[in-house]
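Quick note: the coordinates plus some simple rules give every number you see, no bench work behind them. Quick caveat: nothing in here was measured; it's all calculated off a predicted structure. Here the Cβ is made from the backbone with ideal geometry for all residues, glycine too, and neighbour counts use every protein chain on show.
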Amino acid sequence: MADTSIHSRALLVWLRISTWSARRYDKPLSAKINAQHNAASDAGRYNKMLLPGDAKSYKALTALAGSIRQSHYSNTLAWSDEGWRLLPTANYAAYTQWLRDQQRAFADTLTQFMADYPALKDAAKIRLNGLFSAADYPDVQDLRSRFALAVEYAPVPAQGDLRVDLGADQIAMIESAIGDRTGRAVADAMQDAWSRLHAVVGKIAERLADPEAIFRDTLISNASEVCDVLKRLNVTDDADLEAMRQRVREELTRFAPETLRDDQTRRQDTANRANAILETMKGFME
C-alpha cells in the first residue's frame, strides 16, 4: 500500500536570494540637511543611489532575482514564517529543472553586471560629483559575494523521529506538538492552494462582467498557469480542489482573450461561469 502521509508526499524548501542594494546611507549629509532646515536629527535620512539610473545589467539582475522569488512562491505552498515552503514531490522534477535554468540565468546576468561594474562606477562618479565616495563601492570580489542564489531542502518534521535523551512523557509532548504544527501547516498550505484558484477566478469574474473593461491576455493565461501548477501542488490529493481546478480550466480558459474581447456573448457567459464557480468555492474557502 502506498504511503500517503505528508512526509512521503512533500519536502520543505528554502530559497535564498541575496543582492546588492546599490544604495548608501550618507550620515553626514543627512545631518547637514536636517540642520539646514532646523529639523530634528532623525527627521530624514539621505540615501545615495550608487549606480546610474540606466544601469541595464544591474536592473536586469535585480529584476531576475525578483522574478525567481515570485516563481518560487508560485511553485511551492505556504508552510512557515521562517522562509520554508512546502514542495510536493509531484512538483519536484519540474521545480528542480526550473531552478537549474534560473541558476544559469542568474550566473550569466551576474557575469554581465560584473563586467559593467567598473564603467558604472566611473559614470556614478560623474553623476554624484561631490557626493561620490570610493568607500561606498565594494571591490569586485566582495561585490560578487553579495549576489547569491541557493536552495536548501529538509524533510517535513515527523512524529516518532526524535532521538534525544529525555523522558518518555517529555518526548511524547514534543512529538504531539510536532504533529499539531505539521497538521496546521498542511491545512494552511492547502488553503494557500485554494486561495490562488479563488484569486484568478475572482479577477476573471470582475473584469469580464463589465463589457467595457479592458483586460490583458494574462487574465486568462494566469488562470491556465495556476491550473497547471495546482495539479502538482495538490499535496493531499484533495478531490474537491482537483474537481474545481478542472472546472476552472474547462469553463474559464477555453476561449482566447481575443475571442472574449470580440464576442460579448461568450464574454458574459464566461463571467457568469466565473461567478458560479466563486459561489461554489465559498464553502471550501470557509
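Counting other Cβ atoms within 10 Å, keep those with at most 13, restrict to DSSP loop, and tell me which trypsin sites (Lys or Arg not before Pro) in the stretch 209-285 are left.
The qualifying sites are Arg216, Arg254.
Averaging sequence separations of C-alpha pairs under 8 Å and six or more residues apart, then dividing by the length of the stretch 8-155, give the relative contact order as a whole percent. Numbers along the way, then the final one.
Values: 153 pairs, mean separation 64.5, N = 148.
Across the stretch 8-155, relative contact order equals 44 percent.
In the chain, how does Rg compare with the Kirkwood Rh, expressed as the Rg/Rh ratio over alpha carbon atoms? Numbers along the way, then the final one.
Working: Rg = 25.3 Å, Rh = 23.2 Å.
Checking Rg against Rh, the ratio lands at 1.09.
In degrees, nearest 10, range 0 to 90: what is the angle between the Cα axis of helix 168-209 and the longest Cα principal axis of the chain?
90 degrees
Counting other Cβ atoms within 10 Å of each Cβ, which trypsin sites (Lys or Arg not before Pro) in the stretch 30-59 have at most 14 and sit in a DSSP loop?
Counting only loop positions with at most 14 other Cβ atoms within 10 Å, the trypsin sites (Lys or Arg not before Pro) in the stretch 30-59 are Arg45.
Take peptides 187-197, 16-26 and line them up by average Cβ neighbours within 10 Å, highest first, as a rough protection proxy.
Top of the packing list down: 187-197, 16-26.
Quick one: what Rg and Dmax do you get for the stretch 1-140 from the alpha carbons, in Å?
21.5, 76
In whole Hz and in residue order, list the ³J(HN,Hα) couplings for the stretch 212-228 that follow from phi through the Karplus curve 6.51 cos²θ - 1.76 cosθ + 1.60, θ = phi - 60°; x for Gly and Pro.
Running phi through 6.51 cos²θ - 1.76 cosθ + 1.60 with θ = phi - 60° gives 9, 5, 8, 9, 8, 4, 5, 4, 8, 5, 5, 5, 5, 5, 5, 4, 5 Hz.
At R0 = 35 Å, how high is the FRET efficiency between Leu278 and Ala150 if r is their beta carbon distance? Nearest 0.05 is fine.
0.35
Across the chain, how many lysine pairs, 8 or more apart or on two chains, come within less than 25 Å at their alpha-carbon atoms?
Close lysine pairs found across the chain: 16.
At 222 nm, what helix-only mean residue ellipticity would the chain give, in deg cm²/dmol to the nearest 500, using -39500 (n - 2.57) for each DSSP H run of four or more? Numbers along the way, then the final one.
On the way: 10 runs with 176 residues, N = 286.
Rounded to the nearest 500, it is -21000 deg cm²/dmol.
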